[in-house]
Amino acid sequence: MVKYIIKRLLLSLLILFGVSLLIYVLVRLMPMDYVDKQFQAQLAQGTITQADLDAIKDLYGLRIRYEVYCGAVPDDGTLFYGIFKWDYNTEIGADCLNGGQKALCALASYAEGYGRWLGNAVQGDLGQSFKYADSVVNVISSSMWISFAISLIGTLLQFVIAIPLGVQAATHQYGAFDYTVTVIAMMGISLPTFFLGVLMLGVFSLNLGWFPYQGLEDATRIFDNGFERFLDMAHHLVLPIVTLVILSIGGLMRYTRTNMLEVLNADYIRTARAKGCSERTVIYRHAFRNTLIPVVTMIAGLIPGMFGGAMITEQVFSLPGIGNKAYQALTVGDVPFVMGYNMFIAILTVIGTLLSDLMYAVVDPRVKITK
Amino acid sequence: MEENKILTPEMEEGEVNNEVVEEEESLSDRVKVVSPGRLVAKRFFRSRLSMIGLITLIVLFAFSFIGPIFSPWEETEVDYSIPEKKRENYLTTNYVEQLDPNDLFVNGDLFACNPLSGVDYDEDTGIGNYYRDGKQIWFKVEPGANKAVFVSDENGNKIMHYVIEYSWDRKTFNQLGKVEAKHWLGTDEYGMDVFTRLMYGGRISLTLGFVVIILETIFGVILGGLAGYFGKWVDQVIMRIVDIFNCVPQFPILLILSAVLDSMDIEANMKIYYLMGIMTILGWAGIARVVRGQILFLREQEYMVAAEALGLSVPRKIFRHLLPNVLPQLIVQMTLGLGGLILTESTLSYLGIGIPIPGAAWGTMISAAQKPEILQGYPNLWVPAGILIVLAVLAFNFVGDGLRDAFDPKASR
């Protein structure tokens with residue numbers, strides 16, 4: 001077991017390395033004029049110096065002055081040595097380089113930038129977010145909890161509603177109840193997040209006026225005490241949470257139903273029936289507990305979604321959660337935050353997968369971890 | 001099905017037992033022989049939900065691909081008629097201020113920059129004002145001219161400094177038109193027919209879904225097949241790549257890539273092909289995983305040992321004996337995947353990084369609801385598109401589920 005975990009952890013590191021490399025290359029391809037625009041004012045005010053700005057840009061390869069040796073002069077073939085500075089982005093001084101050399105320089109600049117990013121990241125420094133003017137780690141850890149609270153409530157509601165319905169559907173397979181549950185579950189799965197969100201806003205917020213339109217709290221109100229503020233937040237969060245629950249309920253319902261059906265076909269259920277247990281005992285003592293095995297392992301798989309935020313839902317409802325923060329950062333090209341957020345999600349995914357595999361072995365004694 | 005394939009080479013050698021044939025004949029007199037394919041089809045067509053899904057799909061396809069033929073409007077055709085009272089507000093500004101020779105001239109295109117943005121302007125009197133360098137500048141708009149000169153400052157910010165002969169007939173097209181016989185679902189902000197655009201939007205979503213799923217399957221089958229069949233280091237390498245793609249968050253990456261595409265100045269109508277490529281690259285890993293798992297399982301089956309013993313070549317073993325048995329799983333995966341792809345595409349279009357306006361896509365049409373006044377006052381603009389997305393995804397899910405049940409040999413019904 002310990003050996004297996006160690007092996008999996010090492011593999012996870014390898015995977016994370018691959019993911020970070022992939023994301024870094026993609027992020028480097030993004031258009032970069034945002035940095036200049038963003039820091040223009042600060043530069044004029046003198047709050048940061050040109051050297052600071054250059055250091056930030058260097059880290060993400062936004063300003064690579066690369067020193068290269070030029071080879072031979074094409075005309076007469078005499079060797080020509082020298083150090084040339086080449087601005088990677090504006091291609092100043094790149095005239096003497098041919099395609100291959102340029103590619104090599106680009107590669108070198110990518111490798112150098114990535115190495116520096118990795119060096120910082122390993123020490124827990126994900127850099128400074130341009131948009132939020134704070135360190136990426138701070139922004140993530142402060143906005144994470146709003147998303148977490150929303151999805152925790154959403155997930156709890158989802159489990160409370162979906163599991164009983166799934167069990168009922170399985171016990172009445174091919175009945176009217178089963179068909180209704182299946183169709184509703186399928187509709188939940190088929191609804192686009194943004195459409196449901198927009199629909200909710202239109203109907204319950206704009207037309208009926210039951211709930212406030214977007215945001216986490218009423219900015220125009222001054223709250224007497226914390227409890228009032230909490231109530232206002234809760235009022236704002238009803239629509240997003242309902243949206244999340246409707247969207248996710250279908251999947252869990254179907255999952256429960258499938259597992260329950262599988263369990264109901266097992267030999268021990270027949271045995272339980274044969275020895276004269278009541279239908280209630282068969283279903284809730286024998287079948288239901290075994291249905292929970294895959295469901296429990298599924299919880300670990302929810303980790304990335306819970307901490308990583310629901311990007312589209314948060315965007316539609318303008319909630320200041322991490323998903324919306326990331327979306328805003330993405331639209332303006334906030335390179336450090338985008339990079340940090342993606343890595344955050346990747347790490348959560350790796351942990352989630354590992355935990356759910358381990359949970360499986362813990363919950364179900366029939367599963368043995370070998371290797 | 002599997003046994004037949006293994007027997008085929010032996011039967012070619014002519015060692016067919018006559019007794020067996022006679023027995024089969026007598027059996028077939030009494031019992032109707034149903035091939036596995038027929039059995040699957042029978043089970044599939046008996047399921048009510050999958051039939052509903054199939055019919056919905058056929059209707060949707062007809063709507064999107066045949067419908068536009070009968071529509072009097074084109075995808076991006078603007079209705080220039082004015083429905084009720086005729087309003088003609090030719091906005092034309094006259095010479096406002098002497099030009100500064102140091103300013104940079106940019107000849108403005110009609111839609112490149114709305115001259116009235118950032119400008120306080122009264123439509124009825126034609127008098128407006130704006131601020132420049134802290135100085136309030138007044139101008140008067142007069143009819144009958146059609147050209148504009150914009151001036152930009154050093155930072156490239158467009159400031160309406162000097163406008164001549166500019167005309168923009170603002171209300172002469174049928175903007176946000178009512179639901180009527182001419183426009184079954186009204187017109188959008190740009191005066192384009194919503195109902196017609198729904199049809200063209202369906203073309204985009206359905207075509208994109210099919211192309212991407214086929215490409216994904218090709219990649220997934222090749223890589224998953226290699227991993228599953230050869231095992232060892234091939235498996236290790238491919239599966240670690242699959243793991244990496246599994247850990248990459250999809251939407252952020254799609255957003256990054258679309259920003260990259262924007263910076264590359266790609267034509268709007270070419271963007272969909274790039275989108276297809278990107279979605280394929282991000283999506284093949286799931287199919288590869290399924291194929292690999294299935295092949296790992298099938299590789300250990302007795303009939304594969306038999307195939308080995310018969311000395312069949314590797315391609316024959318893979319293409320004749322392994323892949324046909326992966327096919328049922330694959331078809332189910334593809335059908336269910338199609339629904340997911342339509343959702344992804346529409347979400348991207350909603351976020352404004354998929355199919356850009358004036359191109360029609362269901363997601364793009366819903367994005368109009370980001371404006372509260374449209375969200376509240378014009379549900380005919382965005383609700384139908386949402387319903388069509390739900391219908392399409394639901395139909396693919398129903399069909400996929402029906403196929404899965406039909407292929408399942410353990411299914412009781």
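Points worth noting:
- Pairwise centroid distance, computed over Cα atoms, of region A:253-286 with region A:121-136, Å: 52
- Averaging 1/r over every pair of different alpha carbons in region B:255-413 and inverting the result gives a Kirkwood radius of 18.9 Å.
- Once you reduce region B:359-413 and region A:318-336 to the center of their Cα atoms, the two points are 27 Å from each other.
- Legend: residues in region A:162-192 shielded by at least 40 square angstrom of accessible surface upon adding the remaining protein chains to the isolated chain (1.4 Å probe, heavy atoms) are A:Tyr174, A:Tyr179, A:Met186, A:Ser190, A:Pro192.
- What region A:104-197 shows is 44 Å² of accessible area per residue, with the surface traced by a 1.4 Å probe over protein heavy atoms.
- Solvent-accessible surface (1.4 Å probe) assigned to A:Ser318 amounts to roughly 50 Å².
- Per residue, region A:285-371 exposes 38 Å² of accessible surface when a 1.4 Å probe is rolled over the protein heavy atoms with every protein chain present.
- Distance between the pseudo-spin-label points of A:Tyr174 and A:Ile153 (7 Å out from Cα toward the beta carbon): 4.3 nm.
- Between the C-alpha center of region B:300-330 and that of region B:187-256 there is a gap of 28 Å.
- Anisotropy class of region A:233-371 from Cα gyration tensor, a/c 1.5 cut: oblate
- With every protein chain in place, region B:197-303: carbon and sulfur % of accessible area (1.4 Å): 66
- Cut-off 14 Å between beta-carbons: net charge of the residues surrounding B:Ile278, Lys and Arg +1, Asp and Glu -1: -2
- At a threshold of 50 Å², the residues of region A:315-332 that become less accessible to a 1.4 Å probe in the full protein assembly than in their chain on its own are A:Tyr327, A:Leu330.
- Residues along region B:365-402 losing 30 Å² or more of accessible surface when the other protein chains are present rather than the chain by itself (probe 1.4 Å): B:Ile366, B:Pro372, B:Leu375, B:Gln376, B:Trp382, B:Val390, B:Leu394, B:Asn397, B:Phe398, B:Asp401
- The distance between label points at B:Val59 and A:Val362 comes to 4.9 nm (points 7 Å beyond Cα on the Cα→Cβ vector).
- Calculated accessible area for region B:195-328 comes out at 45 Å² per residue, all protein chains present (probe 1.4 Å; ligands, DNA, RNA ignored).
- For B:Asp193, the shell of other residues with beta-carbons less than 13 Å away shows a net charge of -4, using +1 for Lys and Arg and -1 for Asp and Glu.
- With the simple spin-label model, which puts each label point 7 Å out from Cα in the Cβ direction, the B:Lys371 to B:Val234 separation comes to 5.7 nm.
- Apportionment of accessible area to carbon and sulfur, region B:351-413, percent (1.4 Å): 60
- Amide H partners (placed H, <5 Å) of A:Ala310, local residues excluded: A:Gly323
- Rolled with a 1.4 Å probe across the full set of protein chains, the surface gives A:Tyr213 an accessible area near 70 Å².
- The figure for A:Leu13 is an accessible area of roughly 110 square angstrom, using a 1.4 Å probe on the protein chains alone.
- Buried solvent-accessible surface, both chains (B, A), 1.4 Å probe, Å² to nearest 100: 3900
- Among the listed pairs B:Lys178/B:Lys371; B:Lys182/B:Lys371; A:Lys7/A:Lys325; A:Lys325/B:Lys371; B:Lys232/B:Lys317; A:Lys325/B:Lys178, those beyond 29 Å (Cα-Cα): A:Lys7/A:Lys325; A:Lys325/B:Lys178
The values are calculated or read from the model by the stated rules, or taken from the named source; none is laboratory data. This is a predicted model, so every value here is computed, not measured. Backbone-built Cβ (ideal geometry, glycine too); neighbour counts: all protein chains shown. Accessible surface is based on the protein model in full, side chains and every heavy atom, while ligands, DNA and RNA are left aside. Shrake-Rupley method; radii C 1.70, N 1.55, O 1.52, S 1.80 Å.
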